[in-house]
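K.L.:
Dumping the structure here so I can ask a few things about it.
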Amino acid sequence: LVPLLQHMRVMPELVREALQDALECSLANVPELSGKVVICLDVSGSMHTAVTGNRRGATSKVRCMDVAALFAAAILRRNPRAEVIAFNDQVVECRLNSRDSVMTNAKQLSSLPQGGTNCSAPLVKLNRAKATADMLIYVSDNESWVDCNKGERGTAMMEQWNIFAARNPTAKLACIDLHP
């Protein structure tokens with residue numbers, strides 16, 4: 001996203017508009033999800049590493065954060081009632097407009113403050129509010145295991161999910177790990 005935005009500043013306006021149009025057309029492939037959707041977006045420091053990992057001769061300039069931000073912005077665009085909860089060590093305040101362009105929302109998301117990783121933070125927020133939802137989508141770089149309870153089974157995220165799922169028995173959880 002950052003490299004693309006940098007290149008777009010020096011591109012002729014006609015090319016920039018064509019790229020924007022192509023991106024908007026591509027949203028036809030993004031599903032409209034039924035019910036209440038919550039997108040939990042990891043903005044921690046590790047999300048700012050190359051999505052390919054560091055491999056000699058094959059390291060991308062595209063960061064995990066860029067991919068995650070585009071993903072969240074595209075889901076929001078097709079599901080305008082969706083809620084985006086960004087998190088690092090804690091929930092990070094972000095206000096998005098589903099009518100803004102995908103690039104505008106992705107840029108805003110990718111510029112949120114970094115920090116550590118606490119994947120349970122969005123679920124803690126939802127549980128405190130006694131929120132309901134039909135679908136939670138986590139986008140991270142394979143950090144949901146980070147807060148495991150030593151000597152016990154599961155993680156803080158799993159513990160919070162169990163609380164959420166008890167209140168929302170038909171809810172689904174999708175975890176998208178950008179670094180397997």
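The values are calculated or read from the model by the stated rules, or taken from the named source; none is laboratory data. Predicted, not measured: the structure shown is a model, and the values here were computed from it. Because the Cβ atoms are built from the backbone with ideal geometry, glycine has one as well, and the counts that use them run over all protein chains shown. Remember, those area values only see protein heavy atoms, side chains included, never the ligands or the DNA or RNA. Shrake-Rupley method; radii C 1.70, N 1.55, O 1.52, S 1.80 Å.
K.L.:
Give me a count of the residues in the range 22-52 that are among the acidic types (Asp, Glu) and either under 30 Å from residue 116 (Cβ atoms) or at pLDDT 85 or above (or both).
P.N.:
Matching residues across the range 22-52 total 2.
K.L.:
A follow-up question, please. Quick one: count up the residues across the range 41-96 that are in contact (Cβ under 8 Å) with a residue 60 or more places away in the chain, within 23 Å of residue 120 (Cα to Cα) and in a loop (DSSP other than H, G, I, E, B).
P.N.:
Within the range 41-96, residues that are in contact (Cβ under 8 Å) with a residue 60 or more places away in the chain, within 23 Å of residue 120 (Cα to Cα) and in a loop (DSSP other than H, G, I, E, B) number 4.
K.L.:
From the list 96, 112, which residue is under 14 Å from the mean Cα position of the chain (by Cα), of a type in the set (A, V, I, L, M) and more than 20 Å from residue 176 (Cα to Cα)?
P.N.:
Answer to the check: 96.
K.L.:
Which count do you get for residues in the range 97-123 that are small (Gly, Ala, Ser) and either open to solvent by 60 Å² or more (accessible area, probe 1.4 Å) or in a loop (DSSP other than H, G, I, E, B) (or both)?
P.N.:
Of the residues in that region, 6 qualify.
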